[in-house]
1. I'm trying to understand the selection: among the residues of region 61-72, which are under 11 Å from residue 431 (Cβ atoms) and in a loop (DSSP other than H, G, I, E, B)?
2. Report the residue count in region 1-36 for those that are among the acidic types (Asp, Glu) and assigned to a helix (DSSP H, G or I).
3. If you go through region 360-373 one residue at a time, do you hit one that is touching a residue at least 24 places away in the same chain (Cβ under 8 Å) and touching a helix residue (DSSP H, G or I) at 6+ places or on another chain (Cβ under 7 Å)?
4. Give 123, 117 a once-over and let me know the one that is surrounded by 12 or more Cβ atoms within 10 Å (Cβ to Cβ), out of contact with any Pro (no Cβ under 8 Å at 6 or more places or on another chain) and without any contact (Cβ under 8 Å) to a residue 24 or more places away in the chain.
5. Mind checking which residues of region 382-398 are outside any strand (DSSP E or B) and either over 30 Å from residue 424 (Cβ atoms) or of a type in the set (A, V, I, L, M, F, W, C) (or both)?
6. Across region 409-427, what is the number of residues that are assigned to a loop (DSSP other than H, G, I, E, B) and touching a residue at least 40 places away in the same chain (Cβ under 8 Å)?
7. With respect to residue 124, determine if the residue is in contact with a helix residue (DSSP H, G or I) (Cβ under 7 Å, 6 or more places away or on another chain) and farther than 30 Å from residue 338 by Cβ.
8. Test residue 151 against the stated conditions and say whether it is outside the structural domain of residue 16 (by TED's automatic domain parsing), at pLDDT 95 or above and either among the polar types (S, T, N, Q) or surrounded by fewer than 15 Cβ atoms within 10 Å (Cβ to Cβ) (or both).
Amino acid sequence: MDIAIIGGGITGLTAAYELTKKGHHVVVFERDPVLGGLAHGFKRKGWDWSLEKTYHHLFTNDNAIINLIDELGIHDKLIIKRPITATLFTLKGEAFKGSPQIFQLDSPTNLLSFPLLSPIDKLRTGTLLAFLKLNPFWQPLESITAQKLFTFWGGSTSWRILWEPLMVGKFGEFAPTIQAAWLWARIKKRTPSLVYIEGGFQTFIQTLANTISLQGGIIYTNTQVMSIKKSTNSKSANLQIAYKKFRNNLSFDICHLSFDKVLLTTPSPIAFKLLPKVRSTMNDQQSTSPIPHLHAQVLVLETRKPILQDVYWLSITDRTFPFLAVVAHTNFMDKKHYGNHHLTYVGNYLPDNHPYLSMTKEQLLKKFLPFIKRITDDELRITNSYVFTAPFAQPVHQLHYSKRAPKLVTPIPGVFLANMDSIYPWDRGTNYAVELGQKAAKTIENL
């Protein structure tokens, strides 16, 4: 078959790999100049390794992507470590004067020693976490909000101190509507040890792209698909794609290719612009509003000294802070691979029209810097900074999300849709992007 894949992220590349392995003729269209989507890395002068534009790691039970890495022959590039994850709380009261305190909360022992919960609240919280870790059934949790479940079983104090600030920080006004299945998945899947790839995730992306090419696939970058229509030529394949290539800010003439089947892996709002019939049909069938999305934004700071001491991942519960998380990449991977500089992400999830989305990196840094200085012991000397925004990166998992998520097989014959909105109950991630790409390839072959 002749198959077009729109989007060169992990899902699209995995599907292309699986389909070309079976002998199909596949063309991948990617709008950006690079492949990999959210996992794409960049490299500065003096760095041996690339760094992802948004923070990335794997869990040790991310079997789909780890098995694919093994199949590609780069299993020896996997690095397993147990970094420290912690949470920042701003303690109130005369004795503390609103000072931020960091507590490691990545084990049962840490929970037992956590001073902000009473013994009964610790017991209730530990029991709830154990239940979620052991419980394999997520479907009943789609009909109850995370707030209701965690308040009922873990207690209102635990919810207010541990969970609510993080939920509000990530989802904003949507926080009270998030289904419990989403938070179950976050706890169920987490492992103490994390996995990274030598050279960065770009090692995996480049190996995957090279293998696709060796198997006969074609990858077009700097190429935007303009339309997808049924072919008017009865002798040609069923679907015709119009696309335009870009180079150095110049666009070339629109070209056309015909295919038997088309897989879209772009975010739903972009896919629905290409295929408005899919959106209208989904609305008719499901009687639901579109799934809300948040944009991921990170400010990456390159510094002489570490911003965080030892801690890799720091969640921020103090909502006066203008960011949700601080991720010290070089407390996970050795700084020697990045010119002996320290690299730290400052991350947010933002709704449409949030003012941060229109700010320059200088404006963001000015906004964030007073708060960053409150959590670091060293004098802050920033040598470089970078800002990256990923539109529609986080679908909002509200009640009964699985019934609202777009289906792989669309109402248009020969057209398939597979993107982050299709992943549930799990949160989006590279492992599930691989799983989705494999599922899409199998479905395309069998239909």
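1. Of everything in region 61-72, those that are under 11 Å from residue 431 (Cβ atoms) and in a loop (DSSP other than H, G, I, E, B) turn out to be 61, 62.
2. 1
3. yes
4. Step by step, each of 123, 117 is checked, and only 123 is surrounded by 12 or more Cβ atoms within 10 Å (Cβ to Cβ), out of contact with any Pro (no Cβ under 8 Å at 6 or more places or on another chain) and without any contact (Cβ under 8 Å) to a residue 24 or more places away in the chain.
5. 396 - this is the single residue of region 382-398 that is outside any strand (DSSP E or B) and either over 30 Å from residue 424 (Cβ atoms) or of a type in the set (A, V, I, L, M, F, W, C) (or both).
6. Of the residues in that region, 11 qualify.
7. Considered against the rule, which asks whether it is in contact with a helix residue (DSSP H, G or I) (Cβ under 7 Å, 6 or more places away or on another chain) and farther than 30 Å from residue 338 by Cβ, residue 124 comes out as yes.
8. Criteria met by residue 151.
The values are calculated or read from the model by the stated rules, or taken from the named source; none is laboratory data. Note that the structure is a prediction, hence the values are computed from the model and not measured. Glycine also receives a Cβ, built like all others from the backbone with ideal geometry; neighbour counts cover every protein chain displayed.
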